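Asks: Please read through the structure below; I'll follow up with questions.
The values are calculated or read from the model by the stated rules, or taken from the named source; none is laboratory data. Predicted, not measured: the structure shown is a model, and the values here were computed from it. FYI the Cβ positions are ideal-geometry reconstructions off the backbone, even for glycines, and counts take in every protein chain you see. Surface accessibility is based on the protein's heavy atoms, side chains included, excluding ligands, DNA and RNA. Shrake-Rupley method; radii C 1.70, N 1.55, O 1.52, S 1.80 Å.
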Amino acid sequence: MTKTLRFPDVEQANLGDWALILGTLRAVYRPDDFATGLAFVNRIGEAAEQADHHPDLVLKYGVGALTRTSHDVGGVTERDLDLARTITTIAADMGIESDRDSVAALELALDTRDIGGNRAFWRAVTGWQDVGEDQVEDADQLIAPLWFQSTDSEAPDRQRFHLDL
């Protein structure tokens with residue numbers, strides 16, 4: 001079985017372009033133009049096929065954002081570190097700068113005393129799927145996930161939304 005890595009393991013890997021956020025490796029790169037970005041994505045695709053391990057990526061004009069995790073074990077593994085190193089090398093070879101300061105993740109959080117009931121309600125309303133016991137997300141992971149934060153407040157406004165960035 002593949003071992004899921006923890007924060008110290010990832011930090012010791014010294015992946016300068018990458019950050020560990022919410023159990024995933026994330027990186028942002030800034031190609032000079034869309035054609036360069038597309039060539040970058042194609043080279044990443046070739047490397048991912050060779051490794052039989054595929055990143056989630058978004059390409060827009062002037063930015064490429066990548067997320068790496070091993071979905072089969074629900075966390076970061078040595079396979080992810082290896083692919084991250086390969087992607088870093090590809091970017092360097094192509095002269096594409098990383099933008100570590102732009103690496104982030106957004107979650108919509110709901111403070112609640114009833115995580116199970118709210119999770120079931122939002123799953124039914126959105127058609128999203130459970131992720132663990134305290135989160136739902138769309139199957140394609142295109143929208144920020146909704147997670148439920150336990151609160152013991154008795155205040156009338158105890159159930160409120162907030163953004164976690």
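Asks: If I build a Gaussian network model for the chain, linking alpha-carbon pairs within less than 10 angstrom, which residue out of ASP134, ASP152, ASP99 has the largest mean-square fluctuation?
Replies: Looking only at ASP134, ASP152, ASP99, the largest GNM fluctuation is found for ASP152.
Asks: Given +1 on the Cβ of Lys and Arg, -1 on the Cβ of Asp and Glu, and no further charges, what dipole in debye does the stretch 15-74 carry about its Cα centre, rounded to the nearest 20? Let's see the in-between values first.
Replies: On the way: 5 positive and 8 negative charges, 48 e Å.
Dipole magnitude for the stretch 15-74 comes out near 240 debye.
Asks: Something else about it: Run the quick spin-label model on ARG100 and GLU49: label points 7 Å from Cα toward the beta carbon, then report their separation in nm to one decimal.
Replies: So the two model labels end up 3.2 nm from each other.
Asks: Okay, moving on. What does the charge dipole of the chain about its Cα centre add up to, to the nearest 20 debye, if the Cβ of each Lys and Arg holds +1 and the Cβ of each Asp and Glu holds -1? Before the final figure, lay out each step's value.
Replies: Values: 15 positive and 30 negative charges, 7 e Å.
Roughly 40 debye, rounded to the nearest 20.
Asks: Just flag the chymotrypsin sites (Phe, Trp or Tyr not before Pro) in the stretch 120-165 sitting in loop per DSSP whose Cβ has no more than 13 other Cβ atoms within 10 Å.
Replies: Numbers: sites: PHE121, TRP122, TRP128, TRP147, PHE148, PHE161; in loops: TRP128.
When the chymotrypsin sites (Phe, Trp or Tyr not before Pro) of the stretch 120-165 are filtered for loop state and at most 13 Cβ neighbours within 10 Å, nothing remains.
Asks: Would you calculate a helix-derived [θ] at 222 nm for the chain, using -39,500 (n - 2.57) for each DSSP H run of n ≥ 4 and dividing by the full residue count, to the nearest 500? Please list the in-between numbers first.
Replies: On the way: 4 runs with 53 residues, N = 165.
Rounded to the nearest 500, it is -10000 deg cm²/dmol.
Asks: Based on the Kirkwood radius over alpha-carbon pairs, what value in µm²/s does the Stokes-Einstein equation return for the translational diffusion coefficient of the chain at 37 °C and 0.692 mPa s? Write out the running numbers ahead of the final one.
Replies: On the way: Rh = 17.5 Å.
Answer, rounded: 188 µm²/s.
Asks: Can you sort THR89, THR69, THR126 by 1.4 Å-probe accessible area, starting with the largest? Please report the intermediate quantities before stating the final value.
Replies: Working: THR89 75, THR69 15, THR126 55 Å².
From most exposed to least exposed: THR89, THR126, THR69.
Asks: Right, something else. Using a 1.4 Å probe over the heavy atoms of the protein chains, calculate the carbon and sulfur portion of the accessible area of the stretch 20-165 as a whole percent.
Replies: Working: 4150 of 8330 Å².
So the carbon and sulfur contribution to the accessible surface is 50 percent.
Asks: Also, quick follow-up: May I ask for the Rg/Rh ratio of the stretch 17-108, computed from Cα atoms with Rh as the Kirkwood radius, given to two decimals?
Replies: Details: Rg = 12.4 Å, Rh = 13.1 Å.
My calculation of the ratio gives 0.94.
Asks: Would you mind finding the longest exposed-site-free stretch of the chain, with exposed GluC sites (Glu not before Pro) meaning DSSP loop and at most 16 other Cβ atoms within 10 Å?
Replies: Values: sites that count: GLU133, GLU154.
Longest stretch, sites excluded: 1-132.
Asks: Moving on. Looking at the square roots a ≥ b ≥ c of the eigenvalues of the Cα gyration tensor of the stretch 38-83, which shape do they give, rounded for a/c under 1.5, prolate if a/b is larger than b/c, or oblate?
Replies: Numbers: a/c = 2.79, a/b = 1.60, b/c = 1.75.
Taking the square roots of the gyration eigenvalues as a ≥ b ≥ c, the stretch 38-83 is oblate.
Asks: Using the Karplus curve 6.51 cos²θ - 1.76 cosθ + 1.60 with θ = phi - 60°, work out ³J(HN,Hα) for each residue of the stretch 46-56 in order, rounded to whole Hz, and write x for Gly and Pro.
Replies: 4, 5, 5, 5, 4, 7, 6, 8, 10, x, 8
Asks: What base-10 log of the normalised intensity I(q)/I(0) is obtained for the stretch 77-165 from the Debye formula, alpha carbons as equal point scatterers, at q = 0.25 Å⁻¹?
Replies: -1.19
Asks: Using the Karplus equation 6.51 cos²θ - 1.76 cosθ + 1.60 (θ = phi - 60°), what ³J(HN,Hα) coupling, rounded to whole Hz, does each residue of the stretch 83-98 give in order, writing x for Gly and Pro?
Replies: Taking θ as phi minus 60°, the curve returns 5, 4, 4, 4, 5, 4, 5, 4, 4, 4, 4, 8, x, 9, 7, 8 Hz for the stretch 83-98.
Asks: With the Cα gyration tensor of the stretch 97-138 in hand, convert its eigenvalues to equivalent ellipsoid semi-axes via √(5λ) and list them largest first in whole Å. Provide the component values of the computation, followed by the final result.
Replies: Details: eigenvalues 158, 29, 12 Å².
Working from the Cα gyration tensor, I get semi-axes of 28, 12, 8 Å.
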